[in-house]
Amino acid sequence: MPHEIKNYVAGQFVTSKSSFDDINPVDGSLAGTVHEADQATVDRAVGAAREALHGPWGSMSAAERGVLLNKVADGIEARFDDFVAAEIADTGKPLTQARTLDIPRGTANFRFFANLVSTSGTECFEMGTPDGAGALNYSVQKPLGVVGVISPWNLPFLLLTWKLAPALAAGNTVIAKPSEETPASAALLAEVMHEAGVPAGVFNLVNGFGPGSAGEFLTTHTGVDAITFTGESATGSAIMRAAADNVKALSFELGGKNAAIVFDDADLDQAIDGTVRSVFSNCGQVCLCSERVYVHDSIFDEFVSRLKVRAEALRMGHPEDEQTEIGPLVSKAHRDKVLSYYELAREEGANIVTGGGIPGFGDERDQGAWVEPTILTGLPESARCVREEIFGPVCHIAPFVTEEQAVAMANDSAYGLAAAIWTTNLSRAHRVARQIEAGIVWVNTWYLRDLRTPFGGVKLSGIGREGGVHSLNFYSEPTNICIKL
Ligand code: NAD
Ligand code: 6OD
């Protein structure tokens, strides 16, 4: 039964005149109808958020906000299966992944920042003065104000809550705009916020698109103090321009074209397992996925043929099937983009080791957004398929001979989000990791997360860092108070 998704403004669920379809990418069926927020709805949300800054929310201590956010986490846990079902209906991702990663991380995000903010303090400096009496400097940490949270479709609930939780923990009020492709889990979250007793106006939800819709209304709104955004680098540029007029604070987690380097001293079983995960997880739709794999010349052929066997063995299936390892892409529009890169790879002279097309099922899934896991070799480093983010289940594998060459190839990118290094040589691991131009470097693992660590990218991959105190530092700012004694 398709669901109806409303906006949530000033503590009320509101409809609008215009709506759009929420499509299930497994088979192209209608998952729901979404009310698109117009300018007036966004204006009301901004007004409610500003008012709430000065209401009960503004006078709560960090510890009291923490209690409320832990209640939100309890509410997500109580409706765990509903959240899993919503995430699957929007994305087609395997149930096993939604159950073990997406939804548990949403809960963990709230608990982690609720607890962190409750135990955070500020700095204090005693200073000398000419009269010998001295002075005391201390700072009070204040929220930024009204924060617009704009999130993408690939890990919808994980990435939305990764921003919402610290923004709220730090005392801001928020207006969330989830991706138009994946609005369902955010709508459930609005219900949980409501039931948990989060004061009206503290959390608002507006649905819609980017340009000419809720996204642009938020980024150009003079009542919004900050924008936190995860999505494509080109969208980041557009938001930066839109937000420039009233100098909003910006936090950007953007695209990637991540490298993996497999040295000849790697534990090959471990490197292959890890590369299967880092290339094909979530059907390649994780910003951290490896799209460029560099393998030492002496193990290149063995690596390629073993990865091919593993890619071809990935079980494509219905998300609800516990055996399923890989689902469809998020939409047919995104599939067109990924397929256009498969075509471009052929034009650029790639060797298609496996995949390169659309799987045939002979059932309703033929109406969905499926593509084959794909491995490419043989392209020059200048090829567009090696330089541009594809964001699908695909990688290009190239050989290298020296460590210096591997580092240079990995760094030869406009992006700099994450990298994975596979080696058993400890000195090499340290030496190479610090030379890589990326915000995150994993050694002998991939996507292993500690929520306290800095998360973000360099170059086109973003501005700033999220995680632990880095998030709290973005979502709040200190006022220094100097007291002459
Ligand atoms: P996208 O940039 O198309 O959309 C992201 C969000 O921005 C959506 O909510 C969309 O409606 C909104 N938006 C689009 N144009 C806008 C505009 N002009 N003004 C305001 N809002 C606008 O990204 P996507 O396709 O949803 O997500 C995939 C991209 O996100 C990939 O590039 C991926 O690498 C990146 N990503 C990065 C990270 C990270 O942590 N660095 C994490 C996840 C995804
Ligand atoms: O795990 C996280 O905290 C995080 N921000 C993951 C981002 C994944 C990108 O698709």
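For the structure I just gave you, tell me whether residue 119 is of a type in the set (Val, Ile, Thr) and open to solvent by 60 Å² or more (accessible area, probe 1.4 Å). I'd like the intermediate steps shown before the answer.
Numbers: of a type in the set (Val, Ile, Thr): yes; open to solvent by 60 Å² or more (accessible area, probe 1.4 Å): yes.
Yes.
Listed residues 472, 448; which is open to solvent by 60 Å² or more (accessible area, probe 1.4 Å) and of a type in the set (A, V, I, L, M)? Outline the logic, then answer.
On the way: 472 fails: open to solvent by 60 Å² or more (accessible area, probe 1.4 Å).
448 is the lone residue from the list that is open to solvent by 60 Å² or more (accessible area, probe 1.4 Å) and of a type in the set (A, V, I, L, M).
Please give the number of the condition residue 292 fails out of (1) within 25 Å of residue 371 (Cα to Cα); (2) within 16 Å of ligand 2 (Cβ to nearest atom).
Checking residue 292 against (1) within 25 Å of residue 371 (Cα to Cα); (2) within 16 Å of ligand 2 (Cβ to nearest atom), the one that fails is (2).
Any idea how many residues of the stretch 442-485 are within 15 Å of ligand 1 (Cβ to nearest atom), farther than 21 Å from residue 167 by Cα and aliphatic (A, V, I, L, M)? So that I can check it myself, show each step before the final result.
Within the stretch 442-485, the subset within 15 Å of ligand 1 (Cβ to nearest atom) is 442, 446-447, 449, 451, 453-467, 470-471, 474.
Now narrow it down to the ones that are farther than 21 Å from residue 167 by Cα: 442, 446-447, 458-461.
Add one more test, that the residue is aliphatic (A, V, I, L, M), and what stays is 458, 460.
Summing the residues that are within 15 Å of ligand 1 (Cβ to nearest atom), farther than 21 Å from residue 167 by Cα and aliphatic (A, V, I, L, M) in the stretch 442-485 gives 2.
Residue 322 fails exactly one of the following numbered conditions: (1) within 16 Å of ligand 1 (Cβ to nearest atom); (2) surrounded by fewer than 22 Cβ atoms within 10 Å (Cβ to Cβ); (3) outside any helix (DSSP H, G or I). What is the number of that condition?
(1)
Test residue 292 against the stated conditions and say whether it is part of a helix (DSSP H, G or I) and either assigned by TED's automatic domain parsing to the domain that holds residue 432 or under 28 Å from the mean Cα position of the chain (by Cα) (or both). Outline the logic, then answer.
Details: part of a helix (DSSP H, G or I): no; either assigned by TED's automatic domain parsing to the domain that holds residue 432 or under 28 Å from the mean Cα position of the chain (by Cα) (or both): yes.
No, not satisfied.
Determine, yes or no, whether residue 376 is assigned to a loop (DSSP other than H, G, I, E, B), aliphatic (A, V, I, L, M) and either in the same structural domain as residue 409 (by TED's automatic domain parsing) or modelled with pLDDT of 95 or more (or both). It would help to see each step written out before you state the result.
Working: assigned to a loop (DSSP other than H, G, I, E, B): no; aliphatic (A, V, I, L, M): yes; either in the same structural domain as residue 409 (by TED's automatic domain parsing) or modelled with pLDDT of 95 or more (or both): yes.
Considered against the rule, which asks whether it is assigned to a loop (DSSP other than H, G, I, E, B), aliphatic (A, V, I, L, M) and either in the same structural domain as residue 409 (by TED's automatic domain parsing) or modelled with pLDDT of 95 or more (or both), residue 376 comes out as no.
Is it the case, given these coordinates, that residue 72 is more than 16 Å from ligand 2 (Cβ to nearest atom), touching a Phe, Trp or Tyr at 6+ places or on another chain (Cβ under 8 Å), open to solvent by less than 40 Å² (accessible area, probe 1.4 Å) and of a type in the set (A, V, I, L, M)? Before you say what the answer is, go through the steps one by one.
Numbers: more than 16 Å from ligand 2 (Cβ to nearest atom): yes; touching a Phe, Trp or Tyr at 6+ places or on another chain (Cβ under 8 Å): yes; open to solvent by less than 40 Å² (accessible area, probe 1.4 Å): yes; of a type in the set (A, V, I, L, M): yes.
Yes.
If you check residue 210 against the conditions, is it away from ligand 2 (no atom under 16 Å from the Cβ), within 13 Å of residue 148 (Cβ to Cβ), outside the structural domain of residue 306 (by TED's automatic domain parsing) and open to solvent by 20 Å² or more (accessible area, probe 1.4 Å)?
Details: away from ligand 2 (no atom under 16 Å from the Cβ): yes; within 13 Å of residue 148 (Cβ to Cβ): yes; outside the structural domain of residue 306 (by TED's automatic domain parsing): yes; open to solvent by 20 Å² or more (accessible area, probe 1.4 Å): yes.
So residue 210 passes the test.
Which residue, of 235, 228, 275, is open to solvent by less than 10 Å² (accessible area, probe 1.4 Å) and outside the structural domain of residue 315 (by TED's automatic domain parsing)? Steps first, please.
Details: 235 fails: open to solvent by less than 10 Å² (accessible area, probe 1.4 Å); 275 fails: outside the structural domain of residue 315 (by TED's automatic domain parsing).
Within the list 235, 228, 275, the selection yields 228.
Only one of (1) in contact with an Asp or Glu (Cβ under 7 Å, 6 or more places away or on another chain); (2) among the aliphatic types (A, V, I, L, M); (3) touching a residue at least 60 places away in the same chain (Cβ under 8 Å); (4) in the same structural domain as residue 387 (by TED's automatic domain parsing) is not met by residue 299, so which one is it?
Here residue 299 meets the rest and fails (3).
Results for (1) in the same structural domain as residue 33 (by TED's automatic domain parsing); (2) within 16 Å of ligand 1 (Cβ to nearest atom); (3) closer than 28 Å to residue 478 by Cβ, shown as yes or no for each residue.
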{"residue": "144", "(1), (2), (3)": "yes, no, yes"}
{"residue": "185", "(1), (2), (3)": "yes, yes, no"}
{"residue": "192", "(1), (2), (3)": "yes, no, no"}
{"residue": "200", "(1), (2), (3)": "yes, no, no"}
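For the stretch 223-233, give me each residue that is more than 16 Å from residue 160 (Cα to Cα), in contact with a Leu (Cβ under 9 Å, 6 or more places away or on another chain) and away from ligand 2 (no atom under 16 Å from the Cβ). Talk me through it step by step, then tell me what you get.
The initial filter retains those residues of the stretch 223-233 that are more than 16 Å from residue 160 (Cα to Cα), namely 223-225, 233.
If we keep only those that are in contact with a Leu (Cβ under 9 Å, 6 or more places away or on another chain) too, we end up with 224-225, 233.
Once the filter is applied, which keeps residues that are more than 16 Å from residue 160 (Cα to Cα), in contact with a Leu (Cβ under 9 Å, 6 or more places away or on another chain) and away from ligand 2 (no atom under 16 Å from the Cβ), the stretch 223-233 yields 224, 225.
Applying the selection to the stretch 177-202, what residues are open to solvent by 50 Å² or more (accessible area, probe 1.4 Å) and part of a loop (DSSP other than H, G, I, E, B)?
Residues of the stretch 177-202 that are open to solvent by 50 Å² or more (accessible area, probe 1.4 Å), as a first pass: 180-181, 191, 194-195, 200.
Residues satisfying the conditions are 180, 181, 200.
The values are calculated or read from the model by the stated rules, or taken from the named source; none is laboratory data. Computed from a predicted model, the values in this text were never measured in an experiment. Don't worry about glycine lacking a Cβ; one is built from the backbone with ideal geometry, like all the others, and counts go over all protein chains shown. For accessibility, only protein heavy atoms count, side chains too; no ligands or nucleic acids. Shrake-Rupley method; radii C 1.70, N 1.55, O 1.52, S 1.80 Å.
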